[in-house]
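Engineer: Take this structure first; my questions come after.
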Amino acid sequence: MSSTRILIIEDEQDVIDLLTLNLRKAGGFVVSTATEGAAGLRKAREEMPALIILDLMLPKMPGLEICKVLKTDAATRKIPIIMLTAKAEEIDRIVGLEFGADDYVTKPFSPRELILRVNAILRRGKGEVAEEKMSIGAITLDPARHHVAVGGKPVRLTSVEFKLLSMLMQRQGRVQARDRLLNEVWGYESLIDTRTVDTHVRRLRKKLGKAAVAIETVRGFGYRIRES
Ligand code: CA
């Protein structure tokens with residue numbers, strides 16, 4: 001079995017040690033580390049890791065800047081990023097997600113939780129998650145059959161509505177920025193106004209009826225499916 005390379009960009013040695021230890025224990029991972037941005041960017045380009053764990057508080061180059069560079073460079077854009085943030089960095093976290101980070105974990109974090117997130121993102125990358133049936137409240141979504149039901153009754157969704165709902169369900173509990181939804185549902189080249197997202201969410205909610213309460217609006221930012 002080949003190993004999955006994870007790059008950790010973090011300046012605190014105890015955090016690096018904790019992550020490295022737990023990834024090794026989980027098995028199947030090879031870990032690279034960089035303690036500041038320039039080295040992190042270089043390693044990302046040279047090693048093409050399967051995933052990057054990026055701390056936001058770094059000396060010299062801030063984590064957000066690194067995230068932005070990685071996500072705008074065609075060579076590294078597809079590498080998923082999990083950001084490590086402190087509680088007080090709410091704004092940075094939101095900006096980070098807008099820059100294309102895939103997920104975030106707030107310090108202090110449980111290594112087990114972080115590894116679950118790593119595995120979830122890696123599975124998503126392989127498209128495995130998309131084959132699993134999902135259900136939240138009365139809503140069930142079956143990607144393989146392209147089928148959605150509320151309380152067992154089929155709901156007819158357009159392909160855009162279906163993609164939107166499935167993005168939100170896959171990332172239950174986590175806010176999805178309008179920009180991000182646009183990128184993933186309509187594609188990177190799309191230049192549609194982010195208000196388009198609102199329009200489609202509105203239609204989606206209408207079709208879901210009462211079950212639509214699960215979809216929360218995060219004002220000025222995006223949407224999320226509430227954690228059940
Ligand atoms: Ca740090």
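The values are calculated or read from the model by the stated rules, or taken from the named source; none is laboratory data. These numbers were taken from a predicted model, which means no experiment stands behind them. We place every Cβ from the backbone using ideal geometry, glycine too, and count neighbours over all the protein chains shown.
Engineer: From the residues in the range 48-70 that are among the charged types (D, E, K, R) and within 12 Å of the ligand (Cβ to nearest atom), which one is surrounded by the fewest Cβ atoms within 10 Å (Cβ to Cβ)?
Structural biologist: Here the residue is LYS60.
Engineer: When the residues of the range 179-191 are narrowed to those that are within 18 Å of PHE162 (Cα to Cα) and among the aliphatic types (A, V, I, L, M), which ends up modelled with the highest pLDDT?
Structural biologist: Residue satisfying both the conditions and the ranking: LEU181.
Engineer: Using the structure shown, decide if ASP73 is at pLDDT 85 or above, away from the ligand (no atom under 14 Å from the Cβ), within 22 Å of ARG178 (Cα to Cα) and outside the structural domain of VAL175 (by TED's automatic domain parsing).
Structural biologist: In short, yes.
Conditions (1) in contact with a Lys or Arg (Cβ under 6 Å, 6 or more places away or on another chain); (2) under 24 Å from ASP102 (Cβ atoms); (3) not in a loop (DSSP other than H, G, I, E, B), marked per residue:
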residue: LYS163; (1), (2), (3): no, yes, yes
residue: VAL197; (1), (2), (3): yes, yes, yes
residue: GLY209; (1), (2), (3): no, no, yes
residue: VAL213; (1), (2), (3): no, no, yes
residue: GLY220; (1), (2), (3): no, yes, no
